[in-house]
Amino acid sequence: MDSAASGAGTSVPQGPVRTCVGCKRRDSPSALVRIAVVLDENGGARAVVDHRRRLPGRGAWLHPDPDCVQLAEKRRALGRALRVAGPLDRSAMVCDRTTIDRPTGRGNWPRHEENRFTNS
């Protein structure tokens, strides 16, 4: 069997895989930020960072990298990924830019659900 067929040399993460709507690279959910839609009282759609990854509805995944955020905005990928027909208010997401611009990598996101069940 050749190495291309076996997948040798590629860095495919084990477990669930998500695609960044900005750069279109596939990565594990722990390396990405989930963006969800929250409807306001007027029926408008607002994009927010879903820190706990528990908000209902569709989510869009994005690397916490300013370049990926710019690519997603340039390509208008968030509205398409979240399936929002009208205008999408990104002001709440922009206000949370400190979270989005955080360096990537495992361990950067607080995983309170996992820590709650440890015996430490």
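The values are calculated or read from the model by the stated rules, or taken from the named source; none is laboratory data. Fair warning: this is a prediction, and the values are worked out from it, not measured in the lab. Cβ placement follows ideal geometry from the backbone for every residue including glycine, while neighbour counts extend to all protein chains displayed. What goes into the accessible areas is simple: the full protein's heavy atoms, side chains included, and nothing from ligands, DNA or RNA. Shrake-Rupley method; radii C 1.70, N 1.55, O 1.52, S 1.80 Å.
Suppose we filter the range 14-24 for residues that are in a loop (DSSP other than H, G, I, E, B) and closer than 27 Å to Ala85 by Cβ; how many remain? Result for the range 14-24: 4. Identify all residues within the range 26-48 that are farther than 18 Å from Arg83 by Cβ and touching a strand residue (DSSP E or B) at 6+ places or on another chain (Cβ under 7 Å); write none if there are none. Listed by number, the residues that qualify are Arg26, Asp27, Pro29, Leu32, Val33. Applying the condition of being more than 24 Å from Arg52 (Cβ to Cβ) and open to solvent by 70 Å² or more (accessible area, probe 1.4 Å) to the range 7-24 and asking which residue is modelled with the highest pLDDT yields Lys24. Taking the condition open to solvent by less than 20 Å² (accessible area, probe 1.4 Å) and at pLDDT 95 or above, does Ala60 pass? Yes, satisfied.
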